[in-house]
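Data first, discussion second: the structure below is written as structure tokens.
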Amino acid sequence: MKSAVVVFPGINRERDMARALKLISGREPSMVWHADTALPPATDLVVIPGGFSYGDYLRCGAIAARAPIMDAVRAHAAGGALVLGVCNGFQILCEAGLLPGVLMRNQALKFISRDLFLRVERSDSPFTRGYNAGQVIRVPVAHGEGNYVADAETLARLEDDGRVLFRYAAPDGSLDPAWNLNGASNAIAGIVNAGGNVLGMMPHPENHVEPEMGCTDGRGLFAGLVEALDRAA
Amino acid sequence: MLYRVTPMTRNEPPITPQLVAEHGLKPDEYERIIKLIGREPSFTELGIFSAMWNEHCSYKSSKVHLRTLPTQAPWVIQGPGENAGVVDIGDGLAVVFKMESHNHPSFIEPYQGAATGVGGILRDVFTMGARPIACLDALSFGDPAHPRTRHLVSGVVAGVGGYGNSFGVPTVGGQLRFHARYDGNCLVNAMAVGIAAADKIFYAKATGVGMPIVYLGSKTGRDGIHGASMASAEFDDDSEAKRPTVQVGDPFSEKLLLEACLEIMAKDCVIAIQDMGAAGLTCSAVEMGAKGDLGVDLNLDAVPCREVGMSAYEMMLSESQERMLMVLRPEKEAEAEAIFRKWGLDFAVVGFTTPSQRFVVRHGGQVMADLPIKELGDEAPVYRRPFVDSAKQPVIAPGAVPPPISNAEALRTLIGTPELCARRWVWEQYDHVILGNTVQRPGGDAAVVRVLDGPKALALTADVTPRYCEADPFEGGKQAVAEAWRNITAVGGRPLAVTDNLNFGNPERPEIMGQLVGCIRGIGEACRALEFPVVSGNVSLYNETNGRAILPTPTIGAVGLLDDFMRSATLAFKAGDEAILLIGETQGWLGQSLYLRDLCGREEGAPPPVDLDTERRNGDFARILIHENIATAVHDVSDGGLLVAIAEMAMASGIGAVLTAVSADIPSHAFWFGEDQARYVATVHSGAVDAIIARAGIAGVPVRRIGTTGGEALTVPGEQPLSVEELRARFEAWLPQYMAGTLVDP
């Protein structure tokens, strides 16, 4: 799997992401600067990691969505290739028009850093083939603006088309508002585009990939991607 | 006396006694300036002196006492005097760390005050070539019932988080306390820890004549002018008016500055580097020159400014954030500039080094200041201020404290108090997992953070018990160090070194000076006995409002090393049917305990004494149990005493315990809630108990079995079981309810 991690100024989880990609795919990702206009040749997976791109002093991700590199990312996605946006990456993909909806301030108006439980809604996507449908995984979140909001029509379309891949859930997998801490519509933690090749998610699977660090529930996402790409090759 | 060029004073106000006083300089200090330079200073020069000679920058009240602290050890690479301390951790790596206060600004403007406190300390660490890997924060606020407290807690926590989260460093630990003595003066102490190559540490000392001095980072604005002077004065009812002296933080710029600095350091472009912290351009330029026995010639026309029309005085005293000063290798200047431009940061040559040992400031074609550079720092006044030792408090015998309620009821109450309740509300606002190396998250004895890809890790903690320091500064100073040492030990770390952040009231009052001197003596004694040198620190004095001082609060930030983080301990019980051991002796010391204060309403007595030999013996034994994978859980016993420590182990795991220990010599409430020092609770497999006790006997360490883990309740001998779940609910309740304003009676 040949991956490229896009680095905007102010992004700060690019090293976490690069470490997870290398650990699981066995291959060091390329780090791509925001001012570049092209992705490295033969890139399989583009990752937009977490952080505070350009400080996020305006709407989160609004500036990054207009950075020079984003045309290349859009072209990559338009060709059906894989794009993963995590946290700020999810916000950027929404702002860039690659995913519908927007991430608003957390319901309680405070930053939330803690482990949460995600229910994997389907396993027949390249992003979730490493999991079983209905499986509950524990993954950290760290965001101030992760409250997913979209209009009713968009939400209905996302649900009807099975584009919600991850939902905040109780440890037993049941949906419970007490576990939907940021207040996201339909407890949405991660969605894909209509083509199923662009995923945006708020939680950080890249921080739960090593057994000695206490939890490996994030591994399945990366392992599934490696497998999907191997199979396609 | 030779009369040098008198700096131009056109458009500058004349120097009057009132102006001198407004700069925080005493009449005799002003006389000293005149004697030193042989003439009246210009307005800009007066500002420079006020910046260099205030308490915050010159340590004039504390210097003679700080010199008594132990700062050396074979593993120390750099002790106090640089931006941060540097300690060797093997494998060619060094840990770089320091703690610093941002108390006054945080009280006036909590979000920005706290945020820029974090920014400042991060800069101190990466200035030395280290990549920050963790932050800690030690916070002290007033009485929860005080009308301002909630606003301050809310703003400070949001500010610490806002800066660290955006910059991209995990905030992994710290302290939070409430006490009425902080009503008019909250404390915000922030610690940053970084990792560098041991042979690539960068210092402030400039070398070479005619070298370009380069300004990097954000532009200079009018914010923070006289910030350092404000930090060196008491508050009164008009302190609100000082809001404009608080700087505004920009973590985004700081993140860029970090990456740019580390990049040009990796390319060997840097000769000397100093961040612009307190007293900004003045302090950094003087320090670089003075340390290198060189003069500095600054041209302020080249300084990137945020607004037009800034005077020399304003530029020299601005505390705008996210700025650096460097001396670059001339042949690498273009390369360094390209790196800074890539990161979108300002880069300007603003001066050069000279052989003259003069500090010359030019602006608009005029010389605005021309001062002897060494004397600006070295000749700052040093005071041996008079002090009186605090009166010794009586020792309170356990029998002299009748128990107001049962032990079980006392535990239920204590773990729901502001002092002992869960801090989750705070640390869940701090990103504590970013960088992917946080092995032990907040809530344990010490945070454990992996170094690079491991197996090495650092144990990090920040500790002090101000009520002990108030009752007995010497014992309190010792205890602060001992507790930090104990917390590192309790996770399996080998304690390496400390940074001290000394927060006190007005040193011109002999009783406050007595607290400072006593605490420093105690810290020195403990650091010597535990081979735990002080490698960096910060002094914050004048923490008082309308003549009422804070509790003496010498916060100790400490770093320990784990050779393999897989051989570390956490405090949560791991399984049922394990033996619970108490390491250390219990006399039932209730003086200054939380039991006495929060249940009996008596904040009095002598604090528990710290026997440093015992401390070391007991701690070394606990650490061996961890390293040999014998102990399954370890927790140090501190605030609240033994039963609180056991309850914390139960609540962290959901596993209960049946306690069996009784003490014939002392009342049971003194046994369970006394705050005797040098103690740990450990769990081990039941079959291992006899061998451990025998081994402890040989080592001269008192160890006894006090109970067994298991079930879902905590049972104190002779009392009704307490549900662990219910305890946890109480433990978690107070802080979020208080912050939400839903407590009936805080």
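The values are calculated or read from the model by the stated rules, or taken from the named source; none is laboratory data. Values in this document were obtained by computation on a predicted structure and should not be read as measured data. Counting neighbours? That spans all protein chains shown, and the Cβs are built from the backbone with ideal geometry, glycine included. Please note that ligands, DNA and RNA were not included when accessible areas were found on the heavy atoms of the full protein model with its side chains. Shrake-Rupley method; radii C 1.70, N 1.55, O 1.52, S 1.80 Å.
Structure values in brief
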read-out: The range B:44-154, relative contact order [Cα under 8 Å, separation at least 6], %; value: 14
read-out: Rounded FRET efficiency, nearest 0.05, which uses the C-beta distance separating B:Q393 from B:Q72 and R0 of 45 Å; value: 0.85
read-out: At most 10 other Cβ within 10 Å, DSSP loop - GluC sites (Glu not before Pro), the range B:259-323; value: B:E307
read-out: Estimated translational D of the range B:1-154 in µm²/s (Stokes, Kirkwood radius over Cα pairs; 4 °C; 1.567 mPa s); value: 67
read-out: Solvent-accessible ranking of A:D44, B:D453, largest area first, probe 1.4 Å; value: B:D453, A:D44
read-out: Dimensions (Å) - the range B:30-78, Cα atoms, principal axes, largest first; value: 47, 19, 18
read-out: Alpha carbon convex hull of the range B:372-478, projected area averaged over orientations, nm²; value: 14.0
read-out: Unit Cα scatterers, Debye sum, the range A:1-90: log10 I(q)/I(0) for q = 0.15, 0.16, 0.24 Å⁻¹; value: -0.49, -0.56, -1.25
read-out: Beta bridge orientation in the protein assembly as shown: antiparallel %, DSSP, nearest 5; value: 75
read-out: Partners for A:K2 among aspartates and glutamates (Cα-Cα distance below 15 Å; same-chain residues under 8 apart left out); value: A:E28, A:D44, A:E227, A:D230
read-out: DSSP beta bridges in the range A:1-108 [antiparallel fraction, %, rounded to 5]; value: 10
read-out: Inter-probe distance in nm under a simple model that places probes 7 Å from Cα toward Cβ, at B:I624 and A:D176; value: 4.6
read-out: Ellipsoid semi-axes in whole angstrom, largest first, where each is sqrt(5λ) of the Cα gyration tensor of the range A:3-232; value: 23, 20, 17
read-out: Chain B: relative contact order as a whole-number percent, Cα under 8 Å and 6+ apart; value: 15
read-out: Among the listed pairs B:K98/B:K456; B:K60/B:K374; B:K63/B:K392; A:K110/B:K98; B:K219/B:K342, those beyond 18 Å (Cα-Cα); value: B:K98/B:K456; B:K63/B:K392; A:K110/B:K98
read-out: Sequence-distant aspartates and glutamates (8 or more away, or on other chains) whose Cα lies within less than 13 Å of B:K35; value: B:E375, B:E379
read-out: Inter-label distance, nm, simple model (7 Å from Cα along the C-beta direction), B:R341/B:A699; value: 6.2
read-out: Centroid-to-centroid separation of the range B:501-523 and the range B:529-562 [C-alpha atoms, Å]; value: 10
read-out: Within the protein assembly as shown: Cβ-based charge dipole about Cα centre, in debye rounded to nearest 20 (Lys, Arg +1; Asp, Glu -1); value: 980
read-out: The protein assembly as shown - Rg over Rh from alpha carbon coordinates, Kirkwood radius; value: 0.98
read-out: Whole-number accessible area per residue in Å² for the protein assembly as shown, which is evaluated in the context of all protein chains at 1.4 Å; value: 33
read-out: List B:R39, B:R548, ordered by accessible area with a 1.4 Å probe, largest first; value: B:R548, B:R39
read-out: Mean Cα-pair separation over length for the range A:3-232, i.e. relative contact order, pairs under 8 Å, 6 or more apart, %; value: 20
read-out: Signed unit charges on C-beta, dipole axis of the protein assembly as shown, positive-most listed residue B:T71, B:A115, B:V214; value: B:V214
read-out: Rounded to 10°, Cα long-axis angle of helix B:280-291 versus longest principal axis of chain B; value: 90
read-out: Convex hull volume per residue for the range B:146-203, taking Cα atoms only, in Å³; value: 121
read-out: Given charges at Cβ of Lys, Arg, Asp, Glu: the range A:3-232 dipole, positive-most of A:C94, A:N186, A:T128; value: A:C94
read-out: Pair A:E212, B:D268: separation of 7 Å Cα→Cβ label points (nm); value: 3.3
read-out: Portion, in percent, of the accessible area of chain B that falls on carbon or sulfur, probe 1.4 Å; value: 53
read-out: Of B:H146, B:I626, A:H34, farthest towards positive along the dipole that unit charges on Lys, Arg, Asp, Glu beta carbons give the protein assembly as shown; value: A:H34
read-out: Most mobile listed residue (A:F111, A:F90, A:F127) in chain A, GNM with C-alpha springs under 10 Å; value: A:F111
read-out: Per-pair calculated FRET efficiency, R0 = 35 Å: A:R59 and B:A145 via Cβ, rounded to 0.05; value: 0.35
read-out: GNM result for chain A, Cα springs below 10 Å: residue of A:G196, A:G26, A:G144 fluctuating most strongly; value: A:G26
read-out: Pairwise FRET efficiency - B:A334 versus B:A197, Cβ, R0 = 35 Å, nearest 0.05; value: 0.90
read-out: Virtual paramagnetic centre 7 Å along Cα→Cβ of B:D453, amide N under 12 Å, in the range A:26-44; value: A:26-28
read-out: Near-label residues of the range B:608-638 by backbone N, under 11 Å of a point 7 Å along Cα→Cβ of B:R567; value: B:624-630
read-out: Prolate/oblate/rounded label for the range A:108-215 (Cα gyration tensor, a/c 1.5); value: oblate
read-out: Computed over chain B, the ratio Rg/Rh where both radii use C-alpha atoms and Rh is Kirkwood; value: 0.99
read-out: Principal axis box of the range B:333-431, alpha-carbon based, largest edge first, Å; value: 77, 47, 23
read-out: Computed magnitude of the charge dipole of the range A:3-232 (debye, nearest 20; Cβ of K, R +1, Cβ of D, E -1); value: 220
read-out: Dipole magnitude of the range B:478-560, debye to nearest 20 (Cβ charges: Lys/Arg +1, Asp/Glu -1, about Cα centre); value: 160
read-out: Cα-derived Rg over Rh, computed across the range B:500-616 with Rh taken as Kirkwood radius; value: 1.04
